[in-house]
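The next block holds one structure in the form of structure tokens; read it before the comments.
The values are calculated or read from the model by the stated rules, or taken from the named source; none is laboratory data. Worth saying up front: this structure is predicted, and the values here are computed from it rather than measured. Using ideal geometry, Cβ is built from the backbone for each residue, glycine included, and neighbour counts are taken over all protein chains shown. Heads up: the accessible areas ignore ligands, DNA and RNA and are worked out on the full protein's heavy atoms, side chains in. Shrake-Rupley method; radii C 1.70, N 1.55, O 1.52, S 1.80 Å.
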Amino acid sequence: MIRSTSHIIKRVVPVFVLFAINIIAYFFHGQKDLTSENRYTISKGTKDLLLKVNKPLTIKVLLKGPYPSGFKKLGNNAEDLLRKFRDIAGPSFQYEIISPEDNIPQTDKTYAEVLDAMGVSALSLTSQIKQGQQQVYIYPLALLEYQGKIELVQLYKGKSPLISKIGRAHV
């Protein structure tokens, strides 16, 4: 009997310990940046700025769609960073990864149509697919909406200027 109890304890205790670690890690998570250039470290100034966000701040990243892998990776990296920002700033900070072909809420216009009207040029890429070639238009931008104003932020510069105008718009 003692031997079977000992055997059960040896199996149950590690499972219980892993379960407890998992619960603790769910509520108290952290990350250590091991890159030499501190690529994934959020600076103290950025943290201080995010903590001051007390009114709704929404960031919409226009990188959702059938894009080449490099732009999908850019969108994923942007989403990871924005998730960290939201963890710091709290519920007033919201983000969304959207397609330029999505309609702007409460309008019949797409984001691409409005950006074109503002003079923002799309990046035109041709990619190889099973049926041949496909041309896609990419707006590697983020739209920041704060206190009734919209700011456009360029996310990709490439080898040549891709976006002729980056500016402000009022809602």
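Overview of results
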| quantity | calculated |
| --- | --- |
| First in the stretch 15-42 and under 19 Å from Leu82 (Cβ atoms), second anywhere and part of a loop (DSSP other than H, G, I, E, B) and β-branched (Val, Ile, Thr), Cβ under 7 Å, 6 or more apart | Asp33/Thr41 |
| Odd one out for Gly75 among (1) in a helix (DSSP H, G or I); (2) out of contact with any Leu (no Cβ under 6 Å at 6 or more places or on another chain) | (2) |
| Answer residue from the stretch 26-54, given it is surrounded by 10 or more Cβ atoms within 10 Å (Cβ to Cβ) and acidic (Asp, Glu) and is nearest to the chain's Cα centre (by Cα) among those | Asp33 |
| Close pairs from the stretch 135-158: first farther than 14 Å from Leu115 by Cβ and polar (S, T, N, Q), partner open to solvent by less than 40 Å² (accessible area, probe 1.4 Å) and at pLDDT below 85, Cβ under 9 Å, at least 6 apart | Gln135/Ser127 |
| Single condition Ile98 does not satisfy, out of (1) aliphatic (A, V, I, L, M); (2) touching a helix residue (DSSP H, G or I) at 6+ places or on another chain (Cβ under 9 Å); (3) farther than 16 Å from Leu155 by Cα | (3) |
